[in-house]
1. Using alpha-carbon pairs under 8 Å, 6+ residues apart, how would you state the relative contact order of the chain in percent?
2. With the cut-off at 39 Å, report for the chain the share of all Cα pairs above it, as a whole percent.
3. Aspartates and glutamates near K271 by alpha-carbon distance under 19 Å, same-chain residues fewer than 8 away left out - which ones?
4. Suppose R0 equals 22 Å. What FRET efficiency, 1/(1 + (r/R0)^6) with r the Cβ-Cβ distance, do S146 and R11 give to the nearest 0.05?
5. Quick one: grab the alpha carbon gyration tensor of segment 47-170, order the square roots of its eigenvalues as a ≥ b ≥ c, and give me rounded if a/c is under 1.5, else prolate or oblate depending on whether a/b is larger than b/c.
6. Under 20 Å from the Cα of K89, which aspartates and glutamates turn up, not counting those fewer than eight places away in the same chain?
7. Per residue of the chain, what 222 nm ellipticity follows from adding -39500 (n - 2.57) for every DSSP H run with n ≥ 4, rounded to the nearest 500?
8. Expressed as a whole percentage, what fraction of the accessible surface of the chain belongs to carbon and sulfur atoms when a 1.4 Å probe is rolled over the protein heavy atoms?
Amino acid sequence: MSSVDKMVTVRPRTYSLPSYSLTGDLLGFLRCGLQYRYTRVGRLPSSRPVQLWFGEFIHGVMEEAYRRYDEWQKRGVPSVPPWPEAELKSIRDLIEARLAARGLVPWDDELERIGRERADTAVNELGPHLFPLIHRAEVRLTGARSLPAIDPALQFREADRYEMVGVIDVVTHVQLHDPRFAANPIVRAILKTLPERPGDRFEVIIDYKGMRRPPYEGGEGPIGLWTQYAWQLMTYAEIRRHQPDALPVAAGVLIYINELHPTRSDLETLKREVTGARTDVLPVAGSAAADILRRWGTKDPLPGAERSVLPPLPFEYRLDRALRVVPVTQEAIRAALSAFDGVVERIETCLGKECHGQPILKAWERNATAESTCVVCDSRTYCPDYQIQYASRHGEKQPRLPGVRVRA
Ligand code: SF4
């Protein structure tokens, strides 16, 4: 063999990094592994994409509303919400048309009505406080981490890293000494929650959630949405802080949009949670919110308040419930990254089992702890856990094909 032959090296085989999105993959798997396998890995469309439409509609409306706000600022004709119905309608119609072009339509008229009302409330009541703080919207994130090892007998790929991707809804830049923000209720809520005052300039990442505030998870109970969404924020913060235009990330904020415009069942749930002290945001004793909640639906209603009419909770209380501020700390980031590495390991293990010949129902973990998730799951008719736990209550035994709704 010549010396030249000795110098020629063999190029390693190319492979693509497995890519995991924080919301679509990791949080989706935590909701239920088997459901994730069919809807995300197998791309089976949902027969009732109710939550998907609502979440995407709210995100789309908030993004478009901010885009218009920002454009008017730059053109020197600033306009801060509240905006008139014609403007709101043009935003809603634009987003609904975009979603419909992707096959996403509201499942019924009631969902559409609530979605529109919530979107209007979010723009007109939250927008005036949030939009002036926004530095960037829809910030794409990507980072790479070591792929956790799985049982060698289940190995099915060569990668040693995985890509973690996500999209931050909003990055805000907060300047503590800017007089415009002195009375801003979002800034005040953030500062009240931070354990120590950050430097003069810092940023906060914000994620909209198309849901009501989940009950607080304290102590040693099972890990649910409360904790998982905090992991999401910490992981976003860790990836974000390596981007070139980032300021120190002091906190992540979840905005539970449904709290800004609660429905009757939301209010009934809230009343039960307040009575049983099962939520972390109780109304202040003696406040208007406390009085309204206590007397609504009783024989002692507020003057003029009928049971059939939803009581108007003060904006301050609705905003308190909508905002959840999670301070960013190194310890919390470490815990979140380690938790998500663990989720990746579990997904890779399920994939490995399936690749090595196990049937899907055996290879994938299932999570039937949330009845509300199972009753709208398209796998319920053949899912053993659903059949054992919920089928007798709900009765549906035949699989359903993905639904089609033709709009007039
Ligand atoms: S019915 Fe429940 S446990 Fe079964 S696959 Fe669906 S979400 Fe998972």
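The values are calculated or read from the model by the stated rules, or taken from the named source; none is laboratory data. What you are looking at is a predicted structure, and each value in this text was computed from that prediction instead of being measured. No Cβ is skipped: glycine too gets one built from the backbone with ideal geometry, and neighbour counts run over all protein chains shown. Remember, those area values only see protein heavy atoms, side chains included, never the ligands or the DNA or RNA. Shrake-Rupley method; radii C 1.70, N 1.55, O 1.52, S 1.80 Å.
1. RCO, the chain: 20 percent.
2. 25 percent
3. Result set, ordered by chain and number: E217, E259, D280, D291, D300, E306, E316, D320.
4. 0.45
5. Note, shape of segment 47-170 comes out oblate.
6. Qualifying aspartates and glutamates at Cα under 20 Å: E56, E63, E64, D70, E71, D108, D109, E110, E112, E117, D120, E125.
7. Working: 17 runs with 169 residues, N = 408.
That comes out to -12000 deg cm²/dmol.
8. The computed percentage sits at 55.
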